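See structure below.
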Amino acid sequence: MILPIFKFDPEAPDGRPFGLGTTFRIDPWGNCATAFHVIEDMLSLSKNGQLQLKDNVRMAALELEGIALGRAPLPKEAWRPLSGFYAECGHQTPALIHEASIIRNLTELACLTISRSHERSPMPCLPMALRDEPPVTGDIVTGFGFPGLDVAKDGAGDDRPFSQYLYECAGEVVEVIPADPASTMPWPRFRVAAEWPSGMSGGPVLNAAGNVIGVISRGWLGEADSTATHFAGWNVSERTFRSIDPFASRRYRAFAAIDEKDNVRFMGQDRDEAEAFASEHKMTMRVVSCSPKTGDWIEL
């Protein structure tokens, strides 16, 4: 459910990938959450103002099923390509007409779409609490991520074995800062007495109930404090992670085909696909909040 993400140079496909940070799966359709600053340097604005990847970079996540001990082979299908993303940002108009617009991080949230390496169902994902479980001073939360992602040590070259370690560290929430449009960091955030080093950025922060309440934003090796961006307190998280029901941490918003007994027979994020399935099987297509585990649903 928690994956390291990397960038590649498309002009040098045989080169070693460079670690960017952490992402994690949030729904059954391959959508993942991360921190905006993790991918910020890879983005540019198109002529019509839409975010796009720069031409000279590619991005992928590394997905290994199970637990590997020692040196394990790295199959080709373990590298999972980015097939889409959504984020909201600002931009600064350049002083000179030939210069590119400068992207401004206004939300510190991004949604990535990363397919799984196989079609095994259901896709594992972490429950997201977008609205009803804001952090409170004194809460104990836990961050997960990949610190120092594949950093070379002792002069090791690019032919060294690839390494990754999922790290977990819990700490107490010591400050909660609300969203402030006038700030250089306008997103809501909270400080935690925990060491979340670089590379963990974009990783999930879980509360005592096991729900993700934010993403790791800033951390430094050897520092006692780290910072996370939380979902509650503004509606940007609901727009960014549109498949999540903001009122229930284990329910998803989707297009569903419902049979005559009110059972969900198809559920997905593509309206046309849901309508086609419903039409073919003489069912009704509805927009729902649904629990894949129980099958119960509420029409939206």
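If I model a spin label as a point 7 Å beyond the Cα along the Cα-Cβ vector, how far apart are those points for PHE162 and ALA78 in nm?
For the pair PHE162/ALA78, the computed spacing is 0.6 nm.
What FRET efficiency comes out for SER291 versus ARG265 if R0 is 25 angstrom and r is the Cβ-Cβ distance? Round to the nearest 0.05.
Details: r = 15 Å, r/R0 = 0.61.
Between SER291 and ARG265 the formula returns 0.95.
Just add up the charged neighbours of ILE103: K/R +1, D/E -1, any other residue whose Cβ is under 12 Å from the Cβ of ILE103. Each step should come with its number before you reach the end.
Details: positive: LYS54, ARG104; negative: GLU40, ASP41, GLU88.
Around ILE103, the surrounding residues sum to -1.
How about LYS54: which aspartates and glutamates have a C-alpha closer than 18 Å to its C-alpha, ignoring those fewer than 8 places off in the same chain?
Counting by Cα, and skipping residues close in sequence, LYS54 has these aspartates and glutamates nearby: ASP9, GLU11, GLU40, ASP41, GLU88, GLU99.
In the range 157-209, carbon and sulfur make up what percent of the accessible area (probe 1.4 Å)? Numbers along the way, then the final one.
Values: 1400 of 2660 Å².
Summing carbon and sulfur atoms, their accessible area is 53 percent of the total for the range 157-209.
Could you give the angle, 0 to 90 degrees to the nearest 10, between helix 271-280's Cα long axis and the longest principal axis of the Cα atoms of the chain?
So the helix axis and the longest Cα principal axis differ by about 30 degrees.
Given H placed on each backbone N at 1.01 Å, which residues far from SER115 in sequence or on other chains put an amide H within less than 5 Å of it?
Placed amide hydrogens put SER83 under 5 Å from SER115.
Hey, got the Cα dimensions of the range 10-150 along the principal axes, in Å, largest first?
54, 47, 29
In the Gaussian network model of the chain, springs joining C-alpha atoms below 10 Å, which of ALA68, ALA35, ALA274 carries the largest mean-square fluctuation?
Checking each option, the largest mean-square fluctuation is seen for ALA68.
Straight distance only, please: which lysines reach the Cα of LYS76 with their own Cα at less than 17 Å, same-chain residues fewer than 8 apart left out?
Excluding near neighbours in sequence, the set is LYS7.
Show HIS91, HIS230, HIS281, HIS37 ordered by accessible area, largest first, where the area counts protein heavy atoms only and the probe is 1.4 Å. Provide the component values of the computation, followed by the final result.
Details: HIS91 110, HIS230 10, HIS281 85, HIS37 40 Å².
Ranked from most to least accessible, the order is HIS91, HIS281, HIS37, HIS230.
Hey, with R₀ at 45 Å, roughly what FRET efficiency would ILE102 and ARG71 work out to, going by the Cβ-Cβ distance, to 0.05? Working shown, then result.
Details: r = 43 Å, r/R0 = 0.96.
The calculated FRET efficiency here is 0.55.
Modelling each spin label as a point 7 Å along the Cα-to-Cβ direction, I'd like the ASP9/ASP132 distance in nm, to one decimal.
Distance between label points: 5.0 nm.
By how many nm would the segment from ILE140 to MET1 lengthen if fully extended, with 0.36 nm per residue of separation less the alpha-carbon distance? Each step should come with its number before you reach the end.
Details: separation 139, 0.36 × 139 = 50.04 nm, distance 2.16 nm.
Net length gain for the segment: 47.9 nm.
Relative contact order of the range 23-150, please, whole-number percent, based on alpha carbon pairs below 8 angstrom and at least 6 residues apart.
Values: 159 pairs, mean separation 41.4, N = 128.
The normalised contact order for the range 23-150 reaches 32 percent.
Around PRO28, what is the net charge, scoring Lys/Arg as +1 and Asp/Glu as -1 over all other residues with Cβ under 11 Å from its Cβ? Present the calculation step by step, with values, prior to reporting the outcome.
On the way: positive: ARG25, ARG116, LYS293; negative: ASP27.
Residues close to PRO28 contribute a combined charge of +2.
Can you tell me the dipole magnitude for the range 172-296 around its Cα centre, using point charges on the Cβ only (Lys, Arg +1; Asp, Glu -1), in Debye to the nearest 20? The partial results should precede the final answer.
On the way: 14 positive and 17 negative charges, 29 e Å.
The calculated dipole for the range 172-296 is roughly 140 debye.
Between LEU20 and residues 5 or more places away or on another chain, which pairs have amide H atoms under 5 Å apart, with H built 1.01 Å from N, and which residues are they?
ILE5, PHE6, LYS7
Calculate, for ALA179 and ILE298, the FRET efficiency according to 1/(1 + (r/R0)^6) with r their C-beta to C-beta distance and R0 25 Å; round to the nearest 0.05. Kindly include the intermediate steps, with their values, before the conclusion.
On the way: r = 29 Å, r/R0 = 1.15.
Once the sixth-power term is evaluated, E becomes 0.30.
First compute the accessible area of the range 1-40 with a 1.4 Å probe, then give the percent of it belonging to carbon and sulfur atoms.
Values: 680 of 1370 Å².
Result for the range 1-40: 49 percent of the exposed heavy-atom area is carbon or sulfur.
Taking the Cβ of ALA60 as the centre, find all other residues whose Cβ is under 14 Å away and add up their charges (Lys, Arg: +1; Asp, Glu: -1).
Numbers: positive: LYS7, ARG16, ARG58, LYS76, ARG80, ARG116; negative: ASP9, GLU63, GLU77, ASP150.
Summing Lys/Arg as +1 and Asp/Glu as -1 gives +2.
Using the heavy atoms of the protein chains alone and a 1.4 angstrom probe, what is the accessible area of the chain per residue in square angstrom?
On the way: 15880 Å² over 300 residues.
Accessible area per residue, the chain: 53 Å².
Go through (1) 128; (2) 168; (3) 138 and flag the label whose value is the computed volume of the Cα convex hull per residue in Å³ for this structure.
The value matching this structure is (2).
The values are calculated or read from the model by the stated rules, or taken from the named source; none is laboratory data. A quick note: this is a predicted structure, and the numbers were derived from the prediction, not measured. Methodologically, a virtual Cβ is constructed for each residue, glycine included, from the backbone with ideal geometry; neighbour enumeration extends over all protein chains shown. Keep in mind that these areas ignore ligands, DNA and RNA; they rest on the heavy atoms of the full protein, side chains included. Shrake-Rupley method; radii C 1.70, N 1.55, O 1.52, S 1.80 Å.
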